[in-house]
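*Asks:* Can you keep this structure in mind? I'll have questions shortly.
The values are calculated or read from the model by the stated rules, or taken from the named source; none is laboratory data. Predicted, not measured: the structure shown is a model, and the values here were computed from it. Note that we place each Cβ from the backbone using ideal geometry, even for glycine, and neighbour counts take in every protein chain shown. Ligands, DNA and RNA are excluded from the accessible area calculation, which covers all protein heavy atoms including side chains. Shrake-Rupley method; radii C 1.70, N 1.55, O 1.52, S 1.80 Å.
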Number of protein chains: 2
Amino acid sequence: MLEKIMELISLKDFKRLKELLEDANHADISECLDELQDEDLAIIFRLLPKDEAADIFAYMEPDTQEKLVSLLSDKEIGEVISELFVDDAADLISEMPANLVTRILKNADPQKRKEINEILKYPEDSAGSIMTTEYVDLRDSLTVKEAFDRIRAIGLDKETVYICYVLDNSRHLIGVTTVKDLLMHDYDTKIRDIMEENVVTINTTDDQEEVAKMFDKYDYLAMPVVDGENRMVGIVTVDDAIDVMSEENEEDFEKMAGMAPSDESYMKTSIFTLYKNRIVWLLFLMLSATFTGIIITRYEEAFAHVAILVSFIPMIMDAGGNCGSQSSTMVIRGLATDDIELKDAFKVWAKEAVVAVMCGATLAVVNGVRIMIMYPDRPDKLLLAAVIGLTLIITALLAKSMGALLPMLAKILKMDPATMASPLITTVVDTCSIFIYFNIAVLLMHIAV
Amino acid sequence: MLEKIMELISLKDFKRLKELLEDANHADISECLDELQDEDLAIIFRLLPKDEAADIFAYMEPDTQEKLVSLLSDKEIGEVISELFVDDAADLISEMPANLVTRILKNADPQKRKEINEILKYPEDSAGSIMTTEYVDLRDSLTVKEAFDRIRAIGLDKETVYICYVLDNSRHLIGVTTVKDLLMHDYDTKIRDIMEENVVTINTTDDQEEVAKMFDKYDYLAMPVVDGENRMVGIVTVDDAIDVMSEENEEDFEKMAGMAPSDESYMKTSIFTLYKNRIVWLLFLMLSATFTGIIITRYEEAFAHVAILVSFIPMIMDAGGNCGSQSSTMVIRGLATDDIELKDAFKVWAKEAVVAVMCGATLAVVNGVRIMIMYPDRPDKLLLAAVIGLTLIITALLAKSMGALLPMLAKILKMDPATMASPLITTVVDTCSIFIYFNIAVLLMHIAV
């Protein structure tokens with residue numbers, strides 16, 4: 001589609017361009033706009049049907065939105081903002097530089113401006129910051145017929161009309177009903193007789209991650225957001241919950257690989273930002289690895305006598321690191337999805353410990369066989385296999401225990417368990433496993449240090 | 001709520017129990033049922049209102065469903081199955097042991113059985129296997145009024161009524177309309193005048209992960225599934241797409257930590273299964289690490305002369321591993337979310353290379369300072385800092401290049417990029433970095449090997 005658009009622009013065939021844009025899907029159009037140069041972007045945007053432009057605008061990448069806002073006139077900005085849903089408008093404003101924010105708010109109509117500011121006052125990542133205030137409210141005294149009339153009258157600007165919220169005089173949420181329920185009842189049924197009174201609500205201050213989990217659990221299309229006094233203030237819709245889910249997942253992937261999380265696209269992140277997000281952890285982990293180096297220095301005598309000991313260092317370090325990251329990943333994800341709770345700590349540890357001994361023993365046996373094959377002429381080959389086998393079992397036990405317990409400890413300390421992932425666990429386990437390795441070697445091989 | 005239920009069971013107060021269950025949310029009830037013993041489970045399930053039991057059943061964990069099916073009579077099973085949505089019934093059957101499958105299918109009514117078998121014939125993880133065949137279809141000649149009548153008549157058993165699909169005589173999909181659109185138009189408007197003809201469709205054979213991505217992009221509540229001839233066969237709803245998203249994400253987390261993915265809950269996975277999922281990669285990686293050991297053995301002379309060289313092995317290995325897993329995570333996730341495409345390979349590599357040199361240089365400088373401080377009296381301290389600094393820069397460049405390119409290579413080879421994550425990259429980078437390290441040391445320090 002992008003090539004088609006480019007071609008029509010270069011031909012200046014605005015009539016066919018307009019037709020093409022009228023038929024196309026909004027998400028697809030905005031994807032094309034993200035790729036266009038400034039002038040072309042403004043041309044295309046002005047060709048869009050007025051009533052569809054705002055929806056297409058909402059799908060665009062933040063930097064395309066920024067480009068476009070700086071290209072449009074005050075009047076045009078006002079038109080787009082008035083058509084945007086309040087949550088999308090608030091999102092837009094939180095991403096723009098200050099001078100554009102002023103222009104946007106100046107050109108919004110007063111009512112919209114008030115609603116946007118309302119949402120902007122909620123802390124980042126709270127339910128309040130992702131909700132929209134545009135929902136359908138009903139009274140319980142209405143009939144189904146009257147409810148439909150109300151939806152027809154006010155529904156056009158609402159983000160969803162399928163879930164309707166029943167409020168009392170003080171805007172307390174007393175029930176919820178769906179258009180499906182309305183359709184399945186006679187026109188003269190009262191709302192109070194069909195509404196569901198047991199409503200699951202979200203609080204404005206709830207974390208957005210918790211909100212996303214509730215959507216995963218309850219399968220709703222929208223959920224009501226209430227303030228401290230159960231007064232309805234807005235709704236979160238399922239598409240916003242999906243966005244939160246993707247965002248939080250990407251953050252976890254990044255944290256678990258030892259990077260500062262960022263919600264920008266990789267392709268659009270600058271080299272300096274990538275460097276900045278990565279170097280802190282790299283430095284921290286490099287300096288932590290110094291401890292392993294210091295331990296090795298203490299055992300110089302050991303490998304001066306038995307040089308082959310050095311050649312097993314990488315294998316032991318890798319085995320420990322991999323064992324640890326398997327466990328930490330399971331526990332971090334388990335905590336994130338509420339599959340594992342803190343009260344399960346002992347059960348989880350016990351499980352990991354048994355798996356660790358089984359894995360460690362398997363590695364020890366396979367490695368023993370390998371040593372027999374690779375060094376058939378060494379007189380100390382059995383002793384060597386024993387030293388390394390024992391190290392592998394203890395290292396696996398230690399690595400899996402840390403992998404299981406450190407994320408839980410982080411949770412207790414109100415830190416994000418995702419920081420206790422592979423990079424950190426590997427570095428900590430390295431130090432311990434090398435220490436264990438040389439101690440076992442010195443002991444079993446009777447080396448004087 | 002669970003305690004309340006347990007208490008009422010022990011008091012045998014079935015009247016209050018029934019009231020409690022009538023008011024409660026279905027997802028919450030099923031969560032409680034997952035925790036109950038066999039007898040209690042059957043008691044509670046029989047107390048549930050008939051029309052709600054199937055919905056609550058659909059929310060349960062597979063093993064609770066299995067327990068329950070074996071406790072219920074044939075008649076009761078038949079009732080539940082007839083109320084279940086077809087996609088949930090098909091899910092149920094694909095999770096049950098063979099003897100229960102036979103019982104379930106025997107007790108389903110013939111029409112339902114046919115529909116279930118229809119869905120079961122699609123390959124696992126395809127759009128066909130997660131769709132439901134229960135949707136509202138309309139003709140383009142109907143008026144809005146007639147459309148509402150049809151929805152009222154057939155809507156009760158449909159998974160969603162909000163999106164209606166307009167089919168021609170041969171069941172080809174020719175348009176789509178929403179209840180919101182219907183509500184916003186007069187009762188005598190024809191469907192053909194308001195339907196959207198440009199419909200985004202899913203093919204039955206599309207991968208479920210692609211389907212989930214389309215929901216993330218287009219923000220739809222449901223999407224139509226068509227066969228090879230554009231004949232409509234079913235719909236996928238947003239709640240199923242959310243389930244796929246969570247499932248695929250957890251799989252990626254597990255693969256990226258070197259484990260065979262499993263879609264069972266951690267708490268319910270047996271120790272043997274955990275062992276089995278983990279040991280294969282551990283063994284593979286341990287044996288790969290042997291190469292690093294062989295390289296070290298070749299340079300015994302080097303560290304016999306300069307023993308301190310050994311103490312930097314862990315730090316170099318960790319730095320390389322961490323650099324590599326940062327890059328591979330970014331690229332694997334970028335590929336998974338379509339932020340990075342294969343045609344960007346060179347751009348991505350170039351970006352990673354620059355970041356690598358910046359990170360490597362920073363590590364080299366900090367490490368140089370550390371060596372000056374820790375070993376002020378060594379005459380070769382500058383040379384040592386140079387050897388290690390140079391190794392760090394080359395290792396970072398190599399690690400980040402592999403981290404960027406191996407996931408892309410996997411994608412070209414039609415493998416899952418997620419297998420090219422931290423564990424594998426770390427092991428490969430280890431071997432290379434140790435080789436580079438000793439070569440630089442031998443060269444710069446003029447050691448004869």
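*Asks:* Enter the angle in degrees (range 0 to 90, nearest 10) between the Cα long axis of helix B:14-23 and the first principal axis of the Cα atoms of chain B, meaning the one along which they spread out most.
*Replies:* Helix B:14-23 sits at roughly 70 degrees to that axis.
*Asks:* Going 7 Å from Cα along the Cα-Cβ axis for the label, what nanometre distances separate B:Glu95 from the same residue across the other copies?
*Replies:* Copy-to-copy label distances for B:Glu95: 3.7 nm.
*Asks:* Rounded to the nearest 10 Å², what accessible area does B:Arg231 show when all protein chains are kept and the probe is 1.4 Å?
*Replies:* 90 Å²
*Asks:* Find the sum over both chains of the accessible area lost when A and B are paired, probe 1.4 Å, and report it in Å² to the nearest 100.
*Replies:* In total, this chain pair buries about 10300 Å².
*Asks:* Run through all the Cα pairs of segment B:268-309 and give the fraction in each 10 Å bin from 0, expressed as whole percent.
*Replies:* Taking all Cα pairs of segment B:268-309, the binned fractions are 24, 27, 21, 17, 10, 1 percent.
*Asks:* State, to one decimal in nm, how far the label point of B:Phe435 lies from the label point of B:Glu118, with both points 7 Å from Cα in the Cβ direction.
*Replies:* In this crude label model, B:Phe435 to B:Glu118 measures out at 5.8 nm.
*Asks:* Run a plain Debye calculation on the protein assembly as shown (Cα atoms as equal point scatterers, no solvent) and give log10 I(q)/I(0) at q = 0.05, 0.06, 0.07 Å⁻¹, rounded to two decimals, same order as the q list.
*Replies:* For the protein assembly as shown, the Cα-only Debye profile gives -0.35, -0.50, -0.67.
*Asks:* What is the sum of charges around A:Ile194, taking Lys and Arg as +1, Asp and Glu as -1, for the other residues whose C-beta is under 12 Å from the C-beta of A:Ile194?
*Replies:* So the surrounding residues net to -4.
*Asks:* Which residue, B:Leu406, B:Pro376, B:Thr237, has the largest displacement toward the positive end of the dipole of chain B when charges sit on each Cβ (Lys, Arg +1; Asp, Glu -1)?
*Replies:* B:Pro376
*Asks:* List the pair-distance distribution P(r) of segment B:266-444, using every Cα-Cα distance, as the percent of pairs falling in each 5 Å bin from 0 up to the bin containing the longest distance, rounded to whole percents.
*Replies:* Per 5 Å bin, starting at zero, the Cα-Cα P(r) for segment B:266-444 comes out as 1, 8, 15, 17, 16, 14, 11, 8, 5, 3, 1, 0 percent.
*Asks:* Summarise the partner chain shielding of A:282-288 as one whole number: the mean count of Cβ atoms from other chains within 10 Å of each residue's Cβ.
*Replies:* Mean shielding by partner chains, rounded to a whole number: 6.
*Asks:* Hey, another quick one. Compute, for B:Val80, the solvent-accessible surface of its heavy atoms (probe 1.4 Å) with the complete set of protein chains present, and express it in square angstrom to the nearest 10.
*Replies:* 10 Å²
*Asks:* Okay, moving on. Take the Cα gyration tensor of segment A:159-298, multiply each eigenvalue by 5, square-root it, and list the three semi-axes largest first, rounded to whole angstrom.
*Replies:* Over the Cα atoms of segment A:159-298, the ellipsoid semi-axes are 49, 16, 13 Å.
*Asks:* Could you grab the Rg to Rh ratio for chain B? Cα atoms only, Kirkwood for Rh.
*Replies:* On the Cα set of chain B, Rg over Rh gives 1.13.
*Asks:* Once you charge only the Cβ atoms, +1 for Lys and Arg and -1 for Asp and Glu, what is the size of the charge dipole of segment B:237-305 about its Cα centre, to the nearest 20 debye?
*Replies:* 660 debye
*Asks:* Something else about it: Counting each DSSP H run of 4 or more residues in chain B as -39500 (n - 2.57), what helix-only mean residue ellipticity at 222 nm follows after dividing by all residues, to the nearest 500 deg cm²/dmol?
*Replies:* Taken over chain B, the calculation gives -21000 deg cm²/dmol.
*Asks:* If you wrap a convex hull around the Cα atoms of segment B:136-237, how much volume per residue is inside, in Å³?
*Replies:* 93 Å³
*Asks:* What is the antiparallel percent of DSSP beta bridges lying wholly in segment A:176-274, to the nearest 5?
*Replies:* 75 percent
*Asks:* If DNA, RNA and ligands are ignored and the probe is 1.4 Å, what is the ranking of A:Ile163, B:Ile373, B:Ile174 by accessible area, most exposed first? It would help to have the intermediate numbers written out before the result.
*Replies:* Details: A:Ile163 20, B:Ile373 125, B:Ile174 50 Å².
Descending order: B:Ile373, B:Ile174, A:Ile163.
*Asks:* Oh, and also: Let me confirm one metric for peptide A:320-328, namely the mean number of other chain beta-carbon atoms within 10 Å of its residues' beta-carbons.
*Replies:* That works out to 6 on average.
*Asks:* Under unit Cβ charges (Lys, Arg +1; Asp, Glu -1), what dipole magnitude, rounded to 20 debye, does the protein assembly as shown have relative to its Cα centre?
*Replies:* Using only the charged Cβ atoms, the result is roughly 3760 debye.
*Asks:* Give me the percent of DSSP beta bridges within the protein assembly as shown that run antiparallel, rounded to the nearest 5.
*Replies:* Percentage antiparallel, nearest 5: 75.
*Asks:* To continue, here is another question. What is the spread of the Cα atoms of segment A:105-166 along each of their three principal axes, largest first, in whole Å?
*Replies:* 39, 27, 17
*Asks:* In degrees between 0 and 90, to the nearest 10, how far off the longest principal axis of chain B does helix B:144-154 point, with axes built from Cα atoms?
*Replies:* Value to nearest ten degrees: 90.
*Asks:* Also, quick follow-up: I'd like the mean, over residues of A:242-248, of how many other protein chain beta carbons sit within 10 Å of each residue's own Cβ.
*Replies:* The mean count of partner-chain Cβ atoms within 10 Å per residue comes to 3.
*Asks:* By a straight-distance test (C-alpha under 17 Å), which aspartates and glutamates pair with B:Lys75 as possible cross-link partners, with residues fewer than eight away in the same chain excluded?
*Replies:* Cα-Cα hits under 17 Å: B:Asp51, B:Glu52, B:Glu66, B:Glu83, B:Asp109.
*Asks:* At 7 Å along the Cα-to-beta-carbon direction for both A:Lys15 and B:Glu301, put a label point, then send me their distance in nm to one decimal.
*Replies:* Rounded to a tenth, the inter-label distance reads 8.4 nm.
*Asks:* Out of B:Leu17, B:Leu335, B:Leu392, any idea which swings most in a Gaussian network model of chain B, alpha carbons joined below 10 Å?
*Replies:* Looking only at B:Leu17, B:Leu335, B:Leu392, the largest GNM fluctuation is found for B:Leu17.
*Asks:* Could you tell me the center-to-center distance, by alpha carbons, between segment A:35-49 and segment B:354-379 in angstrom?
*Replies:* Distance between centres, Cα-based: 50 Å.
*Asks:* Arrange the residues B:Ser70, B:Ser401 by how much accessible surface each exposes, largest first, with a 1.4 angstrom probe.
*Replies:* B:Ser70, B:Ser401
*Asks:* Just want the answer: with Cβ charges of +1 for Lys and Arg and -1 for Asp and Glu, which residue in A:Ala448, B:Ile56, B:Gly78 is farthest toward the dipole's positive end in the protein assembly as shown?
*Replies:* Most positive-ward Cα: A:Ala448.
*Asks:* If you don't mind, there's one more thing I want to ask. Going 7 Å from the Cα of A:Ser265 in the Cα-to-Cβ direction, what parts of segment B:321-360 have a backbone nitrogen less than 17 Å from that spot?
*Replies:* Only B:330-349, B:351 pass the distance filter.
*Asks:* Where the centroid of each part is defined by its Cα atoms, how far is segment A:240-315 from segment B:128-190 in Å?
*Replies:* 53 Å
*Asks:* Give me the orientation-averaged projected area of the Cα convex hull of segment B:373-449, in nm², one decimal. The partial results should precede the final answer.
*Replies:* Details: hull surface 26.4 nm².
The directionally averaged projection comes out at 6.6 nm².
*Asks:* To the nearest 10 square angstrom, what accessible area does A:Tyr135 show with a 1.4 Å probe?
*Replies:* Answer for A:Tyr135: close to 20 Å² accessible.
*Asks:* Given a 1.4 Å probe and every protein chain left where it sits, what share in percent of the accessible area of chain A is carbon and sulfur?
*Replies:* C and S fraction of accessible area: 56 percent.
*Asks:* While we're on this one: Please name which of A:Pro261, A:Leu36, A:Thr419 has its Cα lying farthest along the dipole of the protein assembly as shown towards the positive end, using unit charges on Cβ (Lys, Arg +1; Asp, Glu -1) and the Cα centre as origin.
*Replies:* A:Thr419
*Asks:* What fraction of the DSSP beta bridges in chain B is antiparallel, stated in percent and rounded to the nearest 5?
*Replies:* 75 percent
*Asks:* Just how large is the dipole of segment B:2-121 about the Cα centre, in debye to the nearest 20, putting +1 at every Lys and Arg Cβ and -1 at every Asp and Glu Cβ?
*Replies:* Rounded to the nearest 20 debye, it is 640 debye.
*Asks:* For segment B:1-69, just the Cα set please: Rg and Dmax, both in angstrom.
*Replies:* That works out to 10.8, 29 Å for Rg and Dmax.
*Asks:* List the distances, in nm to one decimal, from the label point of B:Glu210 to the label points of the same position in every other copy, shortest first, placing each label point 7 Å from Cα along the Cα-to-Cβ direction.
*Replies:* Sorted ascending, the copy-to-copy spacings read 3.9 nm.
*Asks:* Using a 7 Å offset from the Cα along the Cα-to-Cβ direction at both B:Asp38 and A:Ser94, what is the distance between the two label points in nm, to one decimal?
*Replies:* With each label point 7 Å from Cα toward Cβ, the separation is 5.2 nm.
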